[in-house]
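Right, one structure below, let's go through it.
The values are calculated or read from the model by the stated rules, or taken from the named source; none is laboratory data. For clarity, every value in this text was computed on a predicted model and none was experimentally measured. With ideal geometry, Cβ positions are generated from the backbone for all residues, glycine too; neighbour counts draw on all protein chains shown.
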Amino acid sequence: NAGVMQNPRHLVRRRGQEARLRCSPMKGHSHVYWYRQLPEEGLKFMVYLQKENIIDESGMPKERFSAEFPKEGPSILRIQQVVRGDSAAYFCASSPSGGSDTQYFGPGTRLTVL
Amino acid sequence: KQEVTQIPAALSVPEGENLVLNCSFTDSAIYNLQWFRQDPGKGLTSLLLIQSSQREQTSGRLNASLDKSSGRSTLYIAASQPGDSATYLCAVKKVQGAQKLVFGQGTRLTINP
């Protein structure tokens with residue numbers, strides 16, 4: 001059973017471009033969480049999704065950021081018109097349900113904005 | 001608003017020593033607390049999860065304790081090894097509401113051979 005998969009592992013974008021980060025949850029998991037880790041900081045929650053639904057997006061910046069988890073395929077975190085401050089490691093986690101289950105983390109995508 | 005603090009931010013000890021990492025949280029109404037390990041450039045590996053009704057959990061050389069009333073948790077590492085060098089993160093989950101984890105900033109641990 002493969003773990004949580006994220007791609008790409010490293011992504012370089014120039015200011016103003018779009019970044020798309022993908023997350024495939026563990027098999028059988030229908031709940032996905034995105035976290036961001038800025039340099040020298042802890043992980044901060046961004047958004048919690050179930051299939052086709054955004055449950056909690058309280059940690060998402062109001063502009064330029066969006067997330068989806070379609071019925072088929074991976075979850076996508078999309079950042080439009082990236083700025084240097086978006087440079088960070090973005091981690092995805094998944095769980096079988098949204099209750100007390102442990103969240104299993106992927107290896108992360110390291111975004112660098114030039 | 002829940003805040004999680006980890007002290008110290010960095011720790012360097014000789015191989016073989018026993019050591020304690022600290023985690024404190026401001027809101028005692030938590031569902032569980034989890035300790036993770038993060039290696040440079042890698043993802044997070046879950047080490048131990050303590051439910052709010054539990055006092056401690058053990059796995060091999062690791063022991064995590066939880067004192068919910070005082071808002072504290074410790075991670076005890078026995079007989080440390082160079083392979084234990086990593087950043088250790090604690091995270092809490094609230095009782096109700098969002099399913100998000102609230103993380104501390106981590107303790108960067110270096111075990112010197």
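When the stretch A:66-81 is limited to residues that are surrounded by fewer than 16 Cβ atoms within 10 Å (Cβ to Cβ) and among the small types (Gly, Ala, Ser), the one that is nearest to A:Gly28 (Cα to Cα) turns out to be A:Gly73.
If the condition is being within 14 Å of the chain's Cα centre (by Cα) and of a type in the set (Gly, Ala, Ser), then the stretch B:53-83 contributes B:Ser59, B:Ala64, B:Ser65, B:Gly71, B:Ser73. Taking the conditions (1) more than 16 Å from A:Glu41 (Cα to Cα); (2) free of Cβ contacts under 8 Å to residues at least 12 places away in the same chain in turn, B:Gly41 satisfies each one other than (1). Screening chain A for strands (runs of 3 or more DSSP E) wholly inside it with 2 or more residues that are without any contact (Cβ under 8 Å) to a residue 40 or more places away in the chain and not acidic (Asp, Glu) returns the ranges A:43-50, A:53-56, A:65-68. Would a scan of the stretch B:22-33 turn up a residue that is outside any strand (DSSP E or B), within 14 Å of another protein chain (Cβ to nearest Cβ) and modelled with pLDDT under 95? Within the stretch B:22-33, none of the residues are outside any strand (DSSP E or B), within 14 Å of another protein chain (Cβ to nearest Cβ) and modelled with pLDDT under 95. Of all residues in the stretch B:86-113, those satisfying the criterion of being buried (at least 17 other Cβ atoms within 10 Å of the Cβ), touching a residue at least 24 places away in the same chain (Cβ under 8 Å) and polar (S, T, N, Q) are B:Thr87, B:Gln105, B:Thr107.
For the residues B:Ser53, B:Ser46, the requirement of being surrounded by 12 or more Cβ atoms within 10 Å (Cβ to Cβ), free of Cβ contacts under 8 Å to residues at least 60 places away in the same chain and within 14 Å of chain A (Cβ to nearest Cβ) singles out B:Ser46.
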